[in-house]
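What follows draws every value from the coordinates through simple rules; no lab data is involved. Since the structure is predicted, the reported quantities are computational estimates derived from the model, not experimental observations. Glycine also receives a Cβ, built like all others from the backbone with ideal geometry; neighbour counts cover every protein chain displayed.
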Amino acid sequence: MSTSAVLSDLNDLRYFAMVVENGGFSAAERVSGVPKSRLSARLAALEQRLGVRLLQRTTRHVSLTEIGAQFFSHCQGLLAEAQAAQDVVDMVSSTPRGLVRISCPILATHVYLAPYLPQFIARYPHVSVHALSLDRPVDLRTEPVDIALRIRLPEHMDPDVVTKPLGVSRRILVASPRYLASIEPPEHPAALAGLRTLHYAVTDAQDWTLHATSGEQAIVKHRPVLASTDFETVVQATMQGLGIAMLPDVGCLAALARDQLQVVLPEWSAPELVVHLAFLTRRGMLPSVRALIDFLSESLPLVEIRK
């Protein structure tokens, strides 16, 4: 008896068990709705594959042969395990549960994740979240991360993964009132080249591209007195009067409200960055991962992308 003969069709084992448990083909038909002729044909095919007779059939009675009784005992265990396996898949396929890993730049973690993850976990108590705050690119193909929250220029978005845009992040020029009082306030980006600047970015490129509300574009080549990939380092130095910095507006709201920072050249801003979620595929996505993607899409207070 080969393994393939037994497992070639699990339904045949289920039909066999139904006939035995209900005491015959007619009773099994009434309980299951499967026609008696089909049950009989499938059982005959199973016996032929196995090369043994499992049931003794008379016009009024069906009974197990000796080997049939042993086979039925093992069938019960196999069918129970198969149902348990199906139950696990059904549970995972319908109810969000388990661990979700999401990566996010450090500043974006504070702004976009920290205020909202408690709400998500309260809504989905069977889900746990591991938030990785990293100011470096994360490779979704090689690192154990389900979702990456990214903030990039449109042309720098990864074409090899699925992306779900959430909104835009705007960058503005800011400086402390103390620093602005010590200089002639600039009226055009060209004047920035002669002033102290600070640079916040995860790349080495330090030119600033600015666009005016009038449509004019300017490229500012500058040599920052301080450059860092850490937002807090740059914003603290800017508030202490070190110079002019280009920073994400969402990270400056509190300092602007407290007059620790002021906007420089308010008619000018850098190209908008797209705040988006990145993941490898939608196919076979776990409900927990899909739930977090949907939750962040609905919850984050982002400026809509201009059409």
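General observations
- Multiplying the residue separation of residue 212 and residue 114 by 0.36 nm and subtracting their alpha-carbon distance yields 32.0 nm.
- Rounded to the nearest 20 debye, the dipole size of the chain about its Cα centre is 1080 debye, using +1 on the Cβ of Lys and Arg and -1 on the Cβ of Asp and Glu.
- Extension gain for the segment residue 121 to residue 201, taken as residue separation times 0.36 nm less the Cα-Cα distance, is 25.7 nm to one decimal.
- At least 20 Å along the helix axis (C-alpha) and Kyte average at least 0.0, DSSP helices within the chain: 66-94
- Estimated translational diffusion coefficient (Stokes-Einstein, Kirkwood radius over Cα pairs, 20 °C, 1.002 mPa s) of region 10-90: 164 µm² per second.
- Fraction of beta bridges assigned by DSSP in the chain that are antiparallel (%, nearest 5): 65 percent
- Share of pairwise Cα-Cα distances greater than 32 Å in the chain is 53 percent (whole percent).
- With Rh defined as the Kirkwood radius, the inverse of the mean 1/r over Cα pairs, the Rg/Rh of region 1-150 is 1.32.
- Semi-axes of the equivalent ellipsoid of region 223-307 are 34, 15, 13 Å, computed as sqrt(5λ) over the eigenvalues of the C-alpha gyration tensor in descending order.
- log₁₀ of I(q)/I(0) at q = 0.15, 0.25 Å⁻¹ - region 160-232, Debye sum with one point per alpha carbon: -0.65, -1.36
- The alpha-carbon atoms of region 52-138 define a convex hull whose volume equals 156 cubic angstrom per residue.
- If the segment from residue 60 to residue 143 were pulled out straight at 0.36 nm per residue, it would be longer than the present Cα-Cα gap by 23.4 nm.
- Exposure proxy ranking, count of Cβ atoms within 10 Å, fewest first, for 197, 142: 142, 197
- The mean of 1/r over all distinct Cα pairs in region 121-191, once inverted, gives the Kirkwood hydrodynamic radius of 16.9 Å.
- Helix-only [θ]222 nm of the chain, DSSP H runs n ≥ 4, -39500 (n - 2.57) each, per residue, nearest 500: -11000 deg cm²/dmol
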